Amino acid sequence: MKDPYSVLGLSRDSSPEQLKAKYNELHDLYGEQRFKSGEEGNEGARKLQELEEAWVLISANIEKTEKTTAFGGDYSQIDALIRAGKYNEAQDMLDTITERKGEWHYMQAIVFYKREWLTEAKTQLEMALKDDPNNHKYRSSLDKLNMTLGGGPRPAPQPPYMNNGGYTNQNGPYNNGDYQPQPSQADQMANCLSSCCCAYCLTDCLCSAMRCL
């Protein structure tokens, strides 16, 4: 395919203003030529079509360059688009960024999360954390997403139980002879009821003794 910039007679280093001005100039020229009779008219129509096809590619490059320049490394614009629910526009801006480090992956994860693509969001958060392992924001977001996906932090160990004369829990045996097992909830309730019964009997005896006086 012919270089689109050569169709305009300009180089890739030309400014967007120069490219747009040249396009408009040639568009008017070929637009008039195509209405002429004979081969000259046919040539004008052919060149106009070639110009339009070239301009589609050139204008796309101009738009991409303008977005990259507007971005300037500040992710607050992308964040604002996400907060406004403009996920497609946020994605378009992310796609223009070639240097994709931790913050890029973090923003991409948010876009995926908002679209309910949770597995893809997790992958992006893991990549963000790999780029910046000490980033609390990335770590916290990944932990929360893991909990949502059912792969969150493991629960705390259960209370130890008796096992062949020793006390064990999920982390292994306790070898400290000073360790005392905590009473179970049932034992605590039984002790409470026993204490209450004793107190009731003592009170009843005391009342009976007072009535005899």
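Mind listing which trypsin sites (Lys or Arg not before Pro) in region 70-117 are in a DSSP loop and have 16 or fewer other Cβ atoms within 10 Å?
Details: sites: ARG83, LYS86, ARG100, LYS101, LYS114, ARG115; in loops: LYS86, ARG100, LYS101, ARG115.
Here the trypsin sites (Lys or Arg not before Pro) that fit, given the DSSP loop and packing criteria, are LYS86, ARG100, LYS101, ARG115.
Choose one of MET93, ILE58, ILE78: the residue whose Cα lies farthest towards the positive end of the charge dipole of region 28-118 (beta-carbon charges +1 Lys, Arg; -1 Asp, Glu; about the Cα centre).
With unit charges placed on the Cβ atoms, the residue in question is ILE78.
Quick note: the coordinates plus some simple rules give every number you see, no bench work behind them. All values derive from a computational prediction rather than experimental measurement. Cβ coordinates were reconstructed from backbone atoms using ideal geometry, including for glycine residues, and neighbour counts include every protein chain displayed.
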